[in-house]
Structure formats: structure tokens, C-alpha cells
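For reference, the structure is listed below as C-alpha cells.
The values are calculated or read from the model by the stated rules, or taken from the named source; none is laboratory data. Computed from a predicted model, the values in this text were never measured in an experiment. Here the Cβ positions follow ideal geometry from the backbone for every residue, glycine too, while neighbour counts run over all protein chains shown.
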Amino acid sequence: MTTETARNWSLEKDADGLAWLTLDKPGTSANVLSGSVLVELDGLLATLEKEPPRALVVISAKKSGFVAGADIREFTGITDADSGYGLIHRGQQVMSRLAALPCPSVAAIHGFALGGGLELALACRYRVAVGDERLSLGLPEVQLGIHPGFGGTVRSVQVAGVRAAMELMLTGKPVRADKALRLGLVDALTTEAQLRATARALVLRGPPPRRAPLMERLLSAAPLRPLVRRSLIAQVARKAPADHYPAPYAIIDLWARYGARGPAAYEAEARSIAHLFTTPTSRNLVRVFLLQDRLKSGGGKSPVEIRHVHVVGAGVMGGDIAAWSALRGFTVTLQDRASELIEPALRRAAELFDRRVRDPAKRAATRERLRADVAGDGVPQADVVIEAIFENLDAKRELYARLEPRMKPGALLATNTSSIMLEPLADRLANPRRLVGLHFFNPVAQMPLIEVVHAERTDPAAVETATAFARRLDKLPVPCRSAPGFMVNRVLTPYLNEAMYAAEEGVALPAIDRTAVRFGMPMGPIELADVVGLDVASHVGEIIARELGRPVPALPRLAALLAAKKLGKKSGAGFYVWQDGKAVKDAAAGAPAPEDLIDRLILVLVNECVACLRERVVEDADLADAAVIFGTGFAPFRGGPLAYARARGPAAIVARLTELAARHGPRFTPDAGWAQLTGERAA
């Protein structure tokens, strides 16, 4: 056996004449296709061209998976379309060199092959994969405001067909093992132990490479492409407006023009992605990706080994926190006043496990990790005790008085409060230093953020434990100082209130929601208030207003709904009537939205972000943006509220807030923190 080693790759030739090309990028938990990785690969492929092996196997030495994609950080160095084209064109050339080798090649995949990783695999003649629950194959580039650039827009269509390839590229969602095999993305599934043997057998047998089915190839014929294009654009337009998200439309246009055939298709792909790199959408989505990466890297090793989680409060939040904790591998006990209060949470948990865990044995084990505990017998064994009862200071203090004496030394006491500061919650504890906030967001299984809240007296080790726990839950922890409403609810409250002020003025509810959705919010504020629950939104808003010394907004329409017990989605009626889980909206009812409504909604939120930054609720503007993006779904293509403010111009926003304050009242008065962003005193 002969071996040639580079920094990132090693090339071995075995006694049977097979070459094994192994990627193991140093200093990383996952392989990425950085510039240096591609340069080395190009050199090794040149060697293989001169002395072709009997066959080539491309494989990863990382335990995590095959290749996670391109090195996203390198995208931030792209200054213009020419530099973007240069980066992409070099990558394309390497993939084309791999595809043109005078010997059969196979990608041996485990864990994941995403973005450039899947494009690398598609450049091989065959693909085999470990068919377990970890397998994830996808082309998620659209989530960065771009599309595949290393030949993926062409080869994915050639291998899997138009419809499957477009689903991969337009949604950015990965596929699992069975679907990957069905779509033809992989030629065979195997076990981890048999991956090398399966790859060897397939590449030596040398069957004809997979091609898209005949019907799919016909869809790429020139006469049919315009019809399919119209259908694809109609699908995309329902979810992603072209002026906000140009990448999906570029993907469709590339295929419609070239049919995924010939050198011109590859050249057009490179030119297209080079342009997309320079758009505000892509720059902001790359920024969001890096913010997410920062939050993921923020959770180190916990000073306390966490195995057992005890949750008190089996309502929607508490029950779902317990279920998610069990899903992530913890032993969980769930406490409430009576078993009938816990049963609905256990039923929801079973539904979650059925959706998320395919293997019956693993699903059963997950269910066994979660159990009802009316007596609270799990408290003395718990490493983390999470309080998730209703928002009432006295009730929480009373609960802590009963919990704390039973907790073991070193265990973490966490509250899921959404608005109450830690200081009054902790002031009667024997050990106030171990109380932290772990503020989850609803629905727990979908919302990625956890605000990790600390007070001045909180033990830093407790914050480390809470942060590490959040990461083990596969959540994004944002550290927050104890303050009214913390970060997310603090900025969300004036946004919701402003929508209700507009409703009081007679603006049609659907028009208010459409205004926000057109800006890029995932849901309108009126609908969001109904989803949160009008009682909850009102109660949290009152707590935050009192703590900040502000007047509680006078909103008669909201008060009337609360008096009538019309609490929103959960009661079947609130601002909207709810049927089959959806709000019934009369698009033609009421007055249209005034021209200044979008600024009223968004700038009052941005102004509150500036206040939070001035008060150091979070440490910097990036964390503020991350909290609002991942906690509220704030238009990600805008990069976050403070990134939006910088792009629009802080001085211009201060001037606009001053206009709105003169017209609508002091709630729009620019915060003093704008002076730091504008270099001048805010009005």
C-alpha cells in the first residue's frame, strides 16, 4: 500500500489497485471545503490523472460526517462579483476534474453530505451511504441567499431529476436515508461497519451510473421547460417574494435556460452565484449563519454533569420543555398538582417522539425517559430543576421555598419566566447564586432560541452549566442580563402594542398583518398575539411596562376580548376567529393600512433594541440581532433589527422616530442609545 499525505487529505492505494482519498480537515469537528481543501484536492486529482487507479473511493475520517459544505467564513471576503466568480469557478474546475477521472469513483458517505459536500459526492460516479437516522443529504445554499455553485444545479438534476432536485435546492431542506435512495441521490445504503466494503464492491462492479428517470429527463426538454418553470415560480412566490429572496428564482431560471446540460450551464451557474454573493440578502443571511455559529460555539463544557432534569409545571411550555429534554437524551420527571394535568403533556410528548424518532426501540426508550411525578420525587436526584409555572412572583417564590431544601448541592435551579426579573425571584432563596433564567420559546420543538438569564449575584458556574445544557438541548443560548422582559419579549411587546394601536384606529386586522409580512416577518403581529394568547401577551406587557416605569397601554379592544374570554387561538377566538388551527381573515374588511404603519411597527421594535443595547441587556449588537432573529423570526434577509438600522442609517431612523413621536406620541421618542450609533445626540 502506498500513501500520499497533504494537510487536509490523504491518498492511499491498496493492494487491489483502489485509491482511498480521505478528507480530515485539521482543527475542526466537521469537514468543510475551504479554499485550501480544494487546492489540495486539485493536486491529488492531477496525480490520479497521471497514474489512474483501478477505482477511487472518496471518504471522510471525521466521526461527524462526510462534508458539511463550503467554508462559509470565506464568503465574507468576497468584495464583488469578480472575486465571487473566481472562488466558484475554481471549485467547479476541481469537481469537473473529479467527474472526468479515467476511473470509476464512489463517495462513501456517513452522517451528512450538505451543500458543497453533496456536490462533491455528485461529482463521483457512485454514492453509498450509511442508512441510519443521522444521514442527511441536502443542498441548503438557498438559506444563505445563494444556490449550489460547484456544479450542483446541473448534476443534481441529471442524477435525481427536475422535481427532486428543485425540491432540494428551492427548500434547502435535507433528505434522510430512505428518500435519498428513492431519489437516486445514493446508489446503496449500508451500515457503518460495512461502508468501506460496500463502496469497494460497488465501484469494482461498475454498473452504469444513475440517471434521472425518463419522465424527468423529458421535463428538461426545451418545449416543456417554460411550463414547468411557471409552475415552480408559482410555488416559490407563495413563500419567498423575489425582491426579498432572489436565489430560488435564479435556480429556476438557470434550469429553464439550459436544461442542466452542457458547459454553458456550469458557466451560468458560476456567474449567477457570483452575483448573488453581492446582494444584501446573501450578505445578511451569511451574517445570520455566522451569528448562529457564534451561539453554537458559546456553550462550553458544563461544570456539572447533567443527566436528570426535573420540570415543574406541565402546561404547554413546561410539558414541551420536558418532552424536548427527553428527546435529547435526558432522564426527565414532570411535576404538577395532579396526574390529569400531566397527561395532556405526555400525549403531546408521544406525538413528538413519533414524529422525530423512527426506530421503534429508540422511540420506546425515549418515552421511558419521561415520566409523570406528581409528588416531586425526582427533585432530590435532579441536576437541573426547571420551574415553568404561570407568571406570578409570589407563586414562584412559594414553589422555590418548597423545592430548594430538597435539591442536591450543586443542582441548577432555572426559571422559564418570560418577564419577571431574577432579583425578586431569588431574594428569599438560601442560595440565590444558583438561580438562572432559561427562557424557552413556544413552540419549544421549533424555536431554536433560549435566553440564558443571569443577575449580578448569579454564580458564573451556574451560567456555564445553563449554557452548556442549552447546547445539549440543541438550542441557541443567548446570554442576557436580568431586566424586564429580558431581550426578546422586551422588544416584541411594543411591536405587538403598536399593531393593537393601529387596530384601535380602525385599520383592518389583515392589513396590519400583511404590512408586517411584506416587510419579511414570518407572521403578522395581530395573528402572533392570538397565537401567544391575548391573556399572556397582556400580562407580560403589563409586567414589563411597570418594571420600566412606563404607562400600561390603553387598548379597549384588547380589554373587551379579554373580558369575553376570547384569548386567541387556544380559545378559538381572539382578534380573529380560529378554525382548524388557522385564523379566518376577511381581506376586504376595514380601512387599508396607513403609509407609516410599517415604520410604526418596525421602528418601535428597533428603538427598543437600541435601549436594550444601551442598558447592556445583551453584550453587543450582534447578540441583540441574534436574539430577535431566532426568538421572533425577524426578517432574516435583513440581518437583524440593528443591522437593518445600520443599513437604513441611524440618523435617518432617529429623524423618522422624531416625526412619528410628533404624530403619534412619546412612545416613539428616540432612545438615548442612538447617540452611540449616530455619533450625535438623539433627538
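Things to note:
- Members of segment 127-147 that are farther than 28 Å from ARG196 by Cβ and either of a type outside the set (Gly, Ala, Ser) or not assigned by TED's automatic domain parsing to the domain that holds GLY117 (or both): GLU141, VAL142, GLN143, LEU144, ILE146, HIS147
Yes or no, residue by residue, for (1) farther than 25 Å from ALA483 by Cα; (2) polar (S, T, N, Q); (3) assigned to a helix (DSSP H, G or I); (4) in contact with a helix residue (DSSP H, G or I) (Cβ under 7 Å, 6 or more places away or on another chain):
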site: ALA365; (1), (2), (3), (4): yes, no, yes, no
site: VAL385; (1), (2), (3), (4): no, no, no, yes
site: PHE390; (1), (2), (3), (4): no, no, no, no
site: LYS396; (1), (2), (3), (4): no, no, yes, yes
site: ALA401; (1), (2), (3), (4): no, no, yes, no
site: GLU404; (1), (2), (3), (4): no, no, yes, no
site: ILE420; (1), (2), (3), (4): no, no, no, yes
site: ARG428; (1), (2), (3), (4): no, no, no, yes
site: ARG433; (1), (2), (3), (4): no, no, yes, yes
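- The residue that is nearest to the chain's Cα centre (by Cα), among those in segment 180-196 that are within 30 Å of VAL162 (Cβ to Cβ) and among the small types (Gly, Ala, Ser), is ALA180.
- Every residue from segment 274-311 that is among the hydrophobic types (A, V, I, L, M, F, W, C) and either more than 21 Å from ALA643 (Cα to Cα) or part of a loop (DSSP other than H, G, I, E, B) (or both): ALA274, VAL304, ILE306, VAL309, VAL311
- Complete set of residues in segment 1-60 that are over 39 Å from the mean Cα position of the chain (by Cα), among the charged types (D, E, K, R) and surrounded by 16 or more Cβ atoms within 10 Å (Cβ to Cβ): LYS13
- Scan of segment 370-386 for residues that are buried (at least 23 other Cβ atoms within 10 Å of the Cβ) and either under 16 Å from ASP336 (Cβ atoms) or acidic (Asp, Glu) (or both), ordered by number: LEU370, ALA382, VAL385, ILE386
- Looking at ILE602, ILE629, ILE653, just one residue is more than 22 Å from LEU528 (Cβ to Cβ) and either under 22 Å from the mean Cα position of the chain (by Cα) or surrounded by 20 or more Cβ atoms within 10 Å (Cβ to Cβ) (or both), and that residue is ILE653.
- GLU141 of a type outside the set (Lys, Arg), surrounded by 24 or more Cβ atoms within 10 Å (Cβ to Cβ) and touching a residue at least 24 places away in the same chain (Cβ under 8 Å): yes
One line per residue, one yes/no per condition, for (1) in a loop (DSSP other than H, G, I, E, B); (2) more than 23 Å from the chain's Cα centre (by Cα); (3) modelled with pLDDT under 95; (4) β-branched (Val, Ile, Thr):
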residue	(1), (2), (3), (4)
MET169	no, no, no, no
THR198	no, yes, no, yes
ARG211	yes, yes, yes, no
ALA222	yes, yes, yes, no
ILE233	no, yes, no, yes
ILE252	no, yes, no, yes
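- Qualifying residue in segment 471-494 (condition: crowded, with 19+ Cβ neighbours inside 10 Å, of a type in the set (Gly, Ala, Ser) and in contact with a Pro (Cβ under 8 Å, 6 or more places away or on another chain)): no
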